[in-house]
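Scroll down for the structure; my scribbles are underneath it.
Coordinate-derived values only; no laboratory data. Note that the coordinates shown come from a computational prediction; the quantities given were computed from them, not determined experimentally. All Cβ positions, glycine included, derive from the backbone under ideal geometry; neighbour counts span all protein chains shown.
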Amino acid sequence: MKEKQRKTKKRGKVYIYGRHALVEALQNTPQIIQKVFLAPDIRDAKLRTLIEAHKISISLLNQKEGKQLVGRDTAHQGIIATMDPTSLLIPFSEFIEKLNMGNNPALAILGEVQDPHNVGAIIRSAAAFGFAGVLIPEHNQAPVTGSVVKTSAGMAFCIPLVTIGNVNNTLEILKKKGFWTYALAMEGSTTLGTDAFDRPSAFVIGNEGTGVRPMTLAHCDVKLSIPMHKRSESLNAATSAAIVFYEWSKKHPESLA
């Protein structure tokens with residue numbers, strides 16, 4: 001999906017720009033939008049209806065101000081908005097209470113992923129392959145920022161992002177709910193493609209340098225490895241996650257409907 005959006009931090013604010021990004025945010029997570037700036041010639045009825053429906057204030061955007069907010073070379077289309085990315089996060093207790101367990105859902109769990117671009121890419125893959133949510137720890141983890149949302153190509157607006165405390169405690173709760181838990185590990189004893197994924201599944205993606213922490217590995221039911229050519233030592237976190245998520249979706253074609 002082509003995207004015309006940008007998120008940058010300036011004076012403590014996060015900006016998105018372009019019609020597509022703003023419409024998608026307003027349709028899926030309007031609570032994150034704080035204010036909208038529109039150029040005088042914007043007559044988009046759908047966009048204005050969405051903004052007014054959610055009672056979001058609109059300010060006039062002149063050419064000079066647009067360049068100051070998102071950069072001189074940015075094609076913002078005369079549409080810029082300020083947003084609060086932390087408002088995308090759902091408490092784990094609220095999420096798990098409402099989660100439909102009847103269709104064997106899958107969850108992605110971030111385990112100290114430090115690169116915002118990896119976080120955004122993992123969110124994008126989880127959304128693309130029909131996952132029910134992405135669980136994000138409060139500590140030792142890259143938080144949801146404008147950069148994360150940008151890299152997700154707008155998918156951060158379309159899939160539940162769930163805040164959790166301790167990863168290991170969360171895994172134990174998920175197990176009691178009926179989840180089978182997987183750690184993505186280079187030295188995993190189970191090779192991707194051999195598991196049926198016939199139960200609710202939770203996949204832990206570890207730190208870019210050190211992988212999944214030993215204590216977390218101990219809490220997982222399966223250590224899952226990706227087969228690859230011997231000339232390659234490893235894949236980065238986001239690429240590994242995308243491959244595993246795709247393999248899960250092959251066993252659950254209904255998730256792509």
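What to note about this one:
- Whole-Hz ³J(HN,Hα) from phi, Karplus 6.51 cos²θ - 1.76 cosθ + 1.60, for the range 150-165, glycine and proline x: 4, 5, 6, 6, x, 6, 4, 7, 10, 9, x, 9, 10, 8, 10, x
- FRET efficiency, A218 to I243 (Cβ-Cβ, R0 30 Å, nearest 0.05): 0.80
- Per-residue Cβ neighbour rank within 10 angstrom, fewest leading, K175, K150, K64: K64, K175, K150
- Near N207, the amide H atoms lying under 5 Å from its own belong to V212, R213; only residues 5 or more places off or on other chains count, and H is placed 1.01 Å from N.
- As a proxy for reagent exposure, H229, H252, H139 were ordered by neighbouring Cβ count within 10 angstrom, fewest first; the result is H229, H139, H252.
- Rg and Dmax [Cα atoms of the range 160-236; Å; Rg one decimal, Dmax integer]: 13.0, 40
- Working from Cα pairs under 8 Å separated by at least six residues, relative contact order for the range 87-256 is 28 percent.
- Count Lys and Arg as plus one, Asp and Glu as minus one, and take only other residues whose Cβ is under 13 Å from that of G206; the net charge is then -2.
- Both radii are taken from the alpha-carbon atoms of the chain; with Rh as the Kirkwood radius, Rg/Rh is 1.02.
- ³J(HN,Hα) computed for each position of the range 85-100 - Karplus, 6.51 cos²θ - 1.76 cosθ + 1.60, integer Hz, glycine/proline x: x, 5, 6, 6, 7, 10, x, 4, 4, 5, 5, 5, 5, 9, 5, 7
- Cross-link pairs K150/K176; K175/K230; K175/K251; K35/K150 - those with Cα-Cα distance over 23 Å: K150/K176; K175/K230
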